[in-house]
Each structure stands twice: as C-alpha cells, then as structure tokens.
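Below is one structure, written out as structure tokens, with a few remarks after it.
Where a number appears in this text, it was derived from the coordinates with a stated rule and is not lab data. Bear in mind that the values here come from a model prediction, so they are computed numbers and not experimental data. Every residue, glycine among them, receives a Cβ derived from its backbone with ideal geometry; neighbour counts consider all protein chains shown.
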Amino acid sequence: MKKTENYAADTGSLEKGMYISGVDKDIVTYDILMKTPNGGDYLSDDEINTLDLIFSFYAGNSPLSDDIVYTGPKGCRTGFYLLTRDNVTSSQAIALIQDSMNYIANFSGSVPGAEKNSCGNYLSQDLEGAKKVAADMVQILSGWSEYMLY
C-alpha cells in the first residue's frame, strides 16, 4: 500500500507545535502536536478524552464552525487533528487553536459532553491534566505564524 500524505511527513523532525500535514482537494489537515513524536511522553487516555470534548465543543461553537470538517485525537497520542475547508486561512486556523488552548487551559466547570448519553467513555476524564497540556500549548503557539506550519 502507498502511504497517505499524512504518513509521508517526517515526524522525527517535528517538535510540539502546529503543522499542515495534508491538503486533499478542499480539505486542509492541521496536525496539532502536543507531545514530541516518539519522545516517550504521550497524552493519557483521560487527557485525550477531556481535550477532545472541550476542543470539539469550542471549535464547534466558533465563527469557523461551518468550515470545520473534523477535530479529533491522533491515534499515536501526540496531539490532535483539525480538518478545515480551504477557505479557512492558515492565520484563522492558528488563531482558533490558540484560542481553543487558552480556553481549555482556563476551563472550569463540567466538561461539555462528559455525560453517559453523550460520550461512550464519559468517566474517562482528566481536566487538570488537559489544562496543563493546553497551558503548555498556549506557550508553544504564542507567536506561531503561517510560515511555521511547514
């Protein structure tokens, strides 16, 4: 089988940050790396579930929501994907991730969607861990720009 574009990138050269990992017709895939690939430190299942619920809630309620195709975790537990239509500019995508991470880092209250009827593993939550990961990303993505996406 041939490698898809997302798996053709050299993950060994990437650090924490935000990158474009693929463009397929009108869909742009952003790779939000919260952990260094193959670095030995990965997101826990509970952190992933909490980050996923809050991130998808925030992005789904943003002004870009109509052009967001997908938000979700990477199976390798190093971060998340954001897929947008190509009419979302790279600057808008960066701002969305920066705003999302800031929102998560400062989140308080009940995790949206962390209910039995909404989430298939609703008890798997780590809000404090998710907030620490998001706070780290706020620092990493501070000053991130379009030329850093490649």
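Worth pointing out:
- Amide N of the stretch 43-68 lying under 18 Å from the label point, which is placed 7 angstrom from the Cα of residue 123 along Cα→Cβ: 45-50
- Taking 90, 142 and counting other C-beta atoms within 10 Å, the order from fewest to most: 142, 90
- On Cα atoms only, tilt of 90-105 relative to the major axis of the chain in degrees: 20 degrees
- Taking trypsin sites (Lys or Arg not before Pro) in DSSP loop conformation with at most 10 other Cβ atoms inside 10 Å as exposed sites, the chain has its longest uninterrupted site-free stretch at 26-115.
- Placed amide H near residue 70: partners under 5 Å, 5+ positions off or other chain: 83
- Cut-off of 10 Å, at most 11 other beta carbons, DSSP loop: longest stretch of the chain lacking such GluC sites (Glu not before Pro): 16-114
- Charge dipole magnitude, Cβ of K and R +1, D and E -1 - the chain, Cα centre, debye nearest 20: 180 debye
- Kirkwood Rh in Å, taken over all unlike Cα pairs in the stretch 1-115: 14.8 Å
- Per-residue Cβ neighbour rank within 10 angstrom, fewest leading, 50, 84, 29: 29, 84, 50
- Placing a pseudo-label 7 Å from each Cα along the Cα-to-Cβ vector at residue 91 and residue 69 gives an inter-label distance of 2.4 nm.
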